[in-house]
Every structure is written in C-alpha cells, then in structure tokens.
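Presented below is the structure to which this report refers.
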Amino acid sequence: MKLSYYPGCTLKSHARNFDESTVASMARLGVEVKELDRWNCCGTVHGLASDDLMHRMAPITNLIRVKEESANAFMTSCAMCYNTLKRANQAVRADADALSTINDFLSLENTKYTGDVEVLHLLEILRDQVGFEKITSLVKRPLKGLRVACYYGCLLVRPESVAIDDVENPTVMEKLVTALGATPVRFPLKTECCGAYHTVGQPELIADRTNRILGNAYDGAADVVVVSCPLCAYNLDHRQQEARRIYSDFHPLPVLYFTQLMSIALGCDNAVLCFDLHHVDPQPALAGLGLV
Amino acid sequence: MGIAKSASAAASGGLSDPAIDRKVTVYVMGKACEVPATATIMGAIEYAGHQIIRGAGCREGYCGACATIYRMSGDYKIRTGLACTTMVEEGMVLAQIPSVPAEKVVYDIEKLKPNVSAVQQTYPVVFRCVACNTCTRSCPQDIRVMDYVQAAKRGDIAAITELSYYCVACGLCMLRCPAEITQPLVATLAKRLYGRYLSKNSPELAVRVGAVADGRYDAEYAELMALGRSALSDRYYARDTE
Ligand code: SF4
Ligand code: SF4
Ligand code: FES
C-alpha cells in the first residue's frame, strides 16, 4: 500500500519525533508513506469568517499539489493540519462561488481544484485501511504493562463534520494502543481543550489546563499520555514546568505521539523517537517496563 | 551597423528594415512615448530622454536594480520584469521601482543555527505567509518564491538556498506580498547559514586560496590589469563559462 503524506511544518522542525516515527512505523506496517514533493503550510487554523478567502489559499493549494501527484487522497498525522485542511475542503465543496474565486486567484496553477481530494488522518488509515488485527500481528515488542492515557483534544473530533470518531467519547487511540499491547486508562478529560494558542500570551492559563488534564490522566494511573497534535504536545509537555511551579500537587507525566508508541512496539530504530525534543523524558517510564 | 544599413536603404529609395524602424507606444511615468520595438524597457526609457540614475546597474539581468511593474492595455494583470532584459511591447504602462524599503536584520551568524530558530529570531514575519503565491507570480527570475518562504517556515535552510539560487534581490516579490514578507532578505540569510553550516567542506578551495596567497597568479593578474577596455572586454566574453 502506498499513501501520499502531508507532514506539515511543525513535523519538519519541533516535532520531528512525530514525522520520523510516522514514516518508520508505517513502513513496518507495509505502508509506503510518500511525502508530497511540494507542499506548503496548511494554514494552521481554520478561519471562521466565510468571506475570508485569503486564508483558504494555503489549504487549497495543498489539495492542488495532491492532485498534481495523481492522488485523490492523502494522509496527515498532525491533528491541526488535518483539521485545517479538512475544514477548508468542506468549506469550498459547499460554496462553488468561493471555490471559483480561489481558483481564479490561483491563476498560476495549471490544475484547478474541484473538491475532489480526500483529507485523511493517520488514525483513520490505521483503523479503516490497515486494521488493528494486522497491527497486533506485526508487533515485535508488546507494550505490556504500559498504562496509556489517550488524549484527543479538540481537533480530531470537533466540529462534528470533521470528527474521525465519536465526538464525546472517541476510542480509536485506545483501540490502537490496545492493539500494541498497552492498557488504555480511564481518562474523562481526553477531549478537553489544552488551551491552544493561549500558550503564547497566557502560559499560566495553559499550566492550569495542563494541571487539570494531566492530573486526570494521573488519577487513572497512566504512565504516559499520547497525543496527535504538536501544539497539544507542547502545551501538555513543555508547560509542565509552569504547572510544577504553580501547583504543588502536580505530578509530571511524559507525553508522546501515538506514532512513537507504534514505533517502539513495531520494533523501529530508537533513533526515530528523538527523545531529546521532549521536556519530560519518557525514557524512565518506558525503561521501567523494558521498552527502551 | 544595422542603423547605417537601414539609412542607406532609405537613401537609395528602397524599403526600410521594418524590424528596426517599427515603433511601439509605451507609457513612461504616464506619458506616451514612441520607442523602437526592439528596445528593452531600459533602452526605451533612455530613448524617451530620461536618465536612469538609481534603477540600473549591470544592464544584463544580474543585479536586480531595475525592477519594473507594468500593465498592458486591455489586460487586468499586473506584470513584472527587469527593465534591462524585458523587451517593450505595444501599450505597456511602466513604473520603475528602484528600491523597495526593507529592514535588513543584523545578526551574528555564529549565534544562529541552520534551522527554523534562525528564521524565528531574524525574520519572524515569514510566519505571516498565507500561501497566496503572489510572490511566485511576480518573480522575473521564475523562482518559486512561495516554496522557499514555505521552506523557511519549516527551517529547511538547504531547500531555501536551492530554490532561491537565482534571486537577484529585485524586491518585486516583497512589494506584492500581502503579508509584507521580505523574501530576498530571508533568502540571503539562508544562503549565509548554508555557507557557514551546511555546505560541503571543499579541500580544493584551500589549495586554490593557498596558490593565490603564494603569488602564483600575480603575473596573470598584472597582465589583466594592464589591458585596455576593449581587450579586457574581448577576454571577458571569450572566457570559459560553465
Ligand atoms: S525572489 Fe523576489 S527579490 Fe528575488 S528575484 Fe524573485 S522577485 Fe526578485
Ligand atoms: S506573496 Fe507573501 S503571503 Fe503570498 S505566498 Fe508569497 S510570501 Fe506568502
Ligand atoms: S540592471 Fe542589473 S538586472 Fe537590470
């Protein structure tokens, strides 16, 4: 199986651990992940003003690039890119006038966008195309004894039109980590917002979210938390420094991308894990179970 | 030579050479000017009687001093070009852009790393790019400008260097950019970072620099310096180029 892959800017810089573990673990599953030859920033956030077409240029240009490479679908592992690209796609599919204005503006492109590309998240591919049984059959190092809190945040399940799973109680990541041999924990705050961009101006607000969300994972006796978004990862991992300073009863927890757990379980080279990019080192928790 | 030929053709009562005598009308600073159809924009402006002081340099498409924006009558598109290498066409409405204000950030290359942090520290405006591709459309060098801006957003210094290689810093892209990004300055930053951190170490370079220091080329250099203008020009155009 071959899959067009859109990594996104952050996966090429601060979240290389996400990019490298995506590519390596998919190869172990027999899926050749082909990064698009040309791509640009997804647009980072979906603008809610319906007439703000300028901010649709970035996502739609990417969909044109996918077509140029003769694909009609592509996958991204970043929840933020997924959400932005998918919502832009839905917006232009529902508004022919907007789409034609955008195509006119992008006059340099030889390919017109006609709404004919599907945006998929990696978790959807794993669930619907690879299948959890196949994943289990390829596990080399079962994550036995590892208790995992699966954090979705907002972008994988909101709004409902782009949700990859049940909006209130998504379970796709729990099924994945179970397939890898780990134990998902009860985690009621798994779709609670991490505070997103407030991390820039109001780090204390993020520290509060982090304290609450990770406190909830800790109450479920989680060893690690897995995420699918570099901004959630930043807020929940790096902002633990503030959380620890402000809340005396805060317990640090390592935060990983779900693809890193896949890489470990599927026996990929440890170099793809790039643990140097983490604030809270996941190695002690993993080493305790003989996983790294 | 061509002009002499056409003059003599006219004098002998024959037809003049239409390729040489044909005129087109272009608009220089709003004023209609009849100029030879074979002129470059720069030649046409001078033919119309203007002296170009700031907006010309190499006159050969290398220095980027002669940025021009224009429209053709009856066409909505705004076009761009280098005045020294773009030929005039009937109905061009011209405006010269001798410089585009842009703040060059001062940085210490030794304190930067060849990744996205260098872009964040020097030209954070890059992250305002909305991927409209207007910059690519305005580049007279046919550079995929947006692609190098996008490479900057993800800190791919090698890709910026490669994609922007033929940039002449004319400034047209930054003039047109709705996000007010200073693309050529970002390209220059990347090239410096590439040279400092990423380029391959070339042992041949040290050998050649040593030879220069040892005076191996002194005689040749003295000979060149003694040449007159036309001999030097002959040598220049006869040189080996890759
Ligand atoms: S990239 Fe910009 S500054 Fe460089 S040549 Fe093209 S338009 Fe001019
Ligand atoms: S013109 Fe500016 S905003 Fe548009 S793609 Fe180029 S750099 Fe980005
Ligand atoms: S004068 Fe140098 S590029 Fe035109």
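The values are calculated or read from the model by the stated rules, or taken from the named source; none is laboratory data. On a predicted model such as this, the values are computed, not experimentally measured, just so you know. Counting neighbours? That spans all protein chains shown, and the Cβs are built from the backbone with ideal geometry, glycine included. Surface areas here come from the heavy atoms of the whole protein model, side chains and all, with no ligands, DNA or RNA. Shrake-Rupley method; radii C 1.70, N 1.55, O 1.52, S 1.80 Å.
Screening segment A:218-292 for helices (runs of 4 or more DSSP H) wholly inside it with 1 or more residues that are touching a His at 6+ places or on another chain (Cβ under 8 Å) returns the ranges A:230-233, A:240-246.
Within segment B:122-140, how many residues are closer than 14 Å to A:CYS9 by Cβ and either near ligand 2 (Cβ under 8 Å from one of its atoms) or open to solvent by less than 10 Å² (accessible area, probe 1.4 Å) (or both)? Within segment B:122-140, residues that are closer than 14 Å to A:CYS9 by Cβ and either near ligand 2 (Cβ under 8 Å from one of its atoms) or open to solvent by less than 10 Å² (accessible area, probe 1.4 Å) (or both) number 5.
Given B:GLY215, B:GLY155, B:GLY195, which one is surrounded by fewer than 17 Cβ atoms within 10 Å (Cβ to Cβ), modelled with pLDDT of 95 or more and over 30 Å from B:CYS58 (Cβ atoms)?
Working: B:GLY155 fails: surrounded by fewer than 17 Cβ atoms within 10 Å (Cβ to Cβ); B:GLY195 fails: over 30 Å from B:CYS58 (Cβ atoms).
Among B:GLY215, B:GLY155, B:GLY195, only B:GLY215 is surrounded by fewer than 17 Cβ atoms within 10 Å (Cβ to Cβ), modelled with pLDDT of 95 or more and over 30 Å from B:CYS58 (Cβ atoms).
Going through (1) touching a Phe, Trp or Tyr at 6+ places or on another chain (Cβ under 8 Å); (2) small (Gly, Ala, Ser); (3) more than 12 Å from ligand 2 (Cβ to nearest atom) one by one, B:ALA152 falls short only on (3).
Considering every residue within segment B:84-107, establish whether at least one is within 14 Å of chain A (Cβ to nearest Cβ), surrounded by fewer than 17 Cβ atoms within 10 Å (Cβ to Cβ) and assigned to a loop (DSSP other than H, G, I, E, B).
From segment B:84-107, those within 14 Å of chain A (Cβ to nearest Cβ) are none; that's our starting set.
Scanning segment B:84-107 turns up no residue that is within 14 Å of chain A (Cβ to nearest Cβ), surrounded by fewer than 17 Cβ atoms within 10 Å (Cβ to Cβ) and assigned to a loop (DSSP other than H, G, I, E, B).
State which residue pairs qualify: first residue within 24 Å of A:VAL45 (Cβ to Cβ) and inside segment B:110-135, second residue of a type in the set (Lys, Arg) and surrounded by fewer than 21 Cβ atoms within 10 Å (Cβ to Cβ) in any location, beta carbons under 6 Å apart, and separation of 6 or more residues or different chains. The qualifying pairs are B:THR134/B:ARG176.
Among the residues of segment B:108-121, those that are over 14 Å from B:GLN183 (Cα atoms) and either of a type in the set (Asp, Glu) or open to solvent by less than 70 Å² (accessible area, probe 1.4 Å) (or both) comprise B:ASP108, B:ILE109, B:GLU110, B:LEU112, B:PRO114, B:ASN115, B:VAL116, B:SER117, B:ALA118. In segment A:81-101, of all residues being open to solvent by less than 20 Å² (accessible area, probe 1.4 Å) and either within 14 Å of chain B (Cβ to nearest Cβ) or aromatic (Phe, Trp, Tyr) (or both), the one that is farthest from B:THR134 (Cα to Cα) corresponds to A:TYR82. Can you find even one residue in segment A:222-231 that is modelled with pLDDT of 95 or more and more than 25 Å from A:LYS12 (Cβ to Cβ)? Taking every residue of segment A:222-231 in turn, at least one turns out to be modelled with pLDDT of 95 or more and more than 25 Å from A:LYS12 (Cβ to Cβ). State yes or no: is B:ALA169 in contact (Cβ under 8 Å) with a residue 40 or more places away in the chain, within 16 Å of ligand 2 (Cβ to nearest atom) and either outside the structural domain of B:GLY64 (by TED's automatic domain parsing) or surrounded by fewer than 22 Cβ atoms within 10 Å (Cβ to Cβ) (or both)? So B:ALA169 passes the test. Checked across segment B:117-127, the condition of being within 12 Å of chain A (Cβ to nearest Cβ), among the aliphatic types (A, V, I, L, M) and within 15 Å of B:ARG176 (Cβ to Cβ) holds for no residue.
Here is a yes/no grid of residues against (1) within 13 Å of chain B (Cβ to nearest Cβ); (2) crowded, with 24+ Cβ neighbours inside 10 Å; (3) small (Gly, Ala, Ser):
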position	(1), (2), (3)
A:GLY8	yes, yes, yes
A:ALA24	no, no, yes
A:LEU29	no, no, no
A:GLU32	no, no, no
A:TRP39	yes, yes, no
A:ASP51	no, no, no
A:HIS55	yes, no, no
A:ILE64	yes, no, no
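Which residue is nearest to ligand 3 (Cβ to nearest atom), if the candidates are limited to segment B:72-83 and must be open to solvent by 70 Å² or more (accessible area, probe 1.4 Å) and away from chain A (no Cβ under 14 Å)? Ranking the qualifying residues of segment B:72-83, first place goes to B:SER73. Contact annotation: residue pairs with Cβ atoms under 6 Å, 6 or more positions apart or on different chains, pairing a residue in segment A:121-132 that is in contact (Cβ under 8 Å) with a residue 40 or more places away in the chain with a partner that is open to solvent by 40 Å² or more (accessible area, probe 1.4 Å), are A:PHE132/A:LYS175. Inspect all residues belonging to segment B:223-236 and state whether any of them is outside any helix (DSSP H, G or I), outside the structural domain of B:CYS66 (by TED's automatic domain parsing) and not basic (Lys, Arg). Within segment B:223-236, one or more residues are outside any helix (DSSP H, G or I), outside the structural domain of B:CYS66 (by TED's automatic domain parsing) and not basic (Lys, Arg).
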